[in-house]
Amino acid sequence: MIKRKQLGQHFLNSNSVAKSIVFEAKITKKDVVFELGTGLGILTPLLCQNANKVISVDADEKLIRNAKSEFSEINNLVLKSGDGFKKKDSFSIFVSNLPYSRSKDAIEWLAQISFSHGIIMVQKEFAEKLLTKFSKKRKAISIIANHAFEIKVLSKVGKNNFSPPPKIDSVILRIIKKNAMKKDLIQTINKIFSYRRKTVKNILKQFNKETVIDKRVDDLSGDEIINLANQILEK
């Protein structure tokens, strides 16, 4: 359990929340579901009920061994240990109670992958970061997430629904894939935000580009930031 806390992972222990997540995933017999974080397996068998196939990955080999033993009779389940972000499996639906420490990595990874939609549970603070309307509170991940996905808050989940309980409540989000993003575009957006106090004119100078725009990053819309990143990437 200590190892899991270091990873920022808190196990969901509420069957009603688990059922709600699976219901919102709208899984059909045509779907391949990718579950990141098998954990104690509270979601796994529920996901398998309606799916064509479920691929469930966990970084903890012991948890995967336990799941293989517990769910040995489920024929449409594939269990894998290792880093889910390094797997090359194709899937249509993504489901995860994201480890708090890797939520940003997950969004950047999903932004690069082709899939239909996902149901993710994230820390309330992280959800607010993704959904903020205030430009000064935006982070690079806010721009990336809103360009790649349509995002909708489905429900809030109290910290008492986890073991060990986190310090903050969680939020269940639906994400629908809108735009695929290449790795270099994501990296460039992150780079732009490292210069967010500079004007666009001075930011472009860092990349040997020119413009007459004197606005700062906080004065730009999300689309303008994407356009700026694409301009930087132009040969």
Legend entry - Among residues of the range 19-38, those that are crowded, with 23+ Cβ neighbours inside 10 Å and under 18 Å from SER163 (Cβ atoms), counted: 3
Legend entry - Leading residue by the ranking (nearest to the chain's Cα centre (by Cα)) among those in the range 195-221 that are surrounded by 13 or more Cβ atoms within 10 Å (Cβ to Cβ) and among the hydroxyl-bearing types (Ser, Thr, Tyr): TYR195
Legend entry - Every pair of residues 6+ apart whose Cβ atoms lie under 7 Å, when the first sits in the range 205-216 and is among the polar types (S, T, N, Q) while the second is surrounded by 14 or more Cβ atoms within 10 Å (Cβ to Cβ): GLN206/TYR195; THR211/VAL200; THR211/LYS201; THR211/LEU204
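Filter the range 150-165 for residues that are buried (at least 17 other Cβ atoms within 10 Å of the Cβ) and either touching a residue at least 40 places away in the same chain (Cβ under 8 Å) or assigned to a loop (DSSP other than H, G, I, E, B) (or both) and give the result. Show your work before the answer.
The first filter runs over the range 150-165 and keeps only residues buried (at least 17 other Cβ atoms within 10 Å of the Cβ), leaving 151, 157, 161-162.
If the condition is that a residue be buried (at least 17 other Cβ atoms within 10 Å of the Cβ) and either touching a residue at least 40 places away in the same chain (Cβ under 8 Å) or assigned to a loop (DSSP other than H, G, I, E, B) (or both), then VAL157, ASN161, PHE162 are the ones that fit.
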Legend entry - Enumeration of residues in the range 130-143 that are buried (at least 19 other Cβ atoms within 10 Å of the Cβ) and more than 11 Å from the chain's Cα centre (by Cα): ARG138, ALA140, SER142, ILE143
Inset, instruction - For the range 33-45, indicate whether the set of residues that are in the same structural domain as VAL17 (by TED's automatic domain parsing), of a type in the set (S, T, N, Q) and touching a Phe, Trp or Tyr at 6+ places or on another chain (Cβ under 8 Å) is non-empty. - result: yes
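Which is outside the structural domain of ILE189 (by TED's automatic domain parsing), out of contact with any His (no Cβ under 8 Å at 6 or more places or on another chain), among the small types (Gly, Ala, Ser) and loosely packed, with under 15 Cβ neighbours inside 10 Å, of SER114, SER81?
Of the residues listed, the single one that is outside the structural domain of ILE189 (by TED's automatic domain parsing), out of contact with any His (no Cβ under 8 Å at 6 or more places or on another chain), among the small types (Gly, Ala, Ser) and loosely packed, with under 15 Cβ neighbours inside 10 Å is SER114.
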Legend entry - Residue that is surrounded by the most Cβ atoms within 10 Å (Cβ to Cβ), among those in the range 84-102 that are at pLDDT 95 or above and polar (S, T, N, Q): SER96
Inset, instruction - Kindly provide the set of residues from the range 66-90 that are within 13 Å of LEU47 (Cα to Cα) and either within 17 Å of the chain's Cα centre (by Cα) or among the polar types (S, T, N, Q) (or both), ordered by number. - result: ASN75, ASN76
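The values are calculated or read from the model by the stated rules, or taken from the named source; none is laboratory data. Computed from a predicted structure; not experimentally measured. Counting neighbours? That spans all protein chains shown, and the Cβs are built from the backbone with ideal geometry, glycine included.
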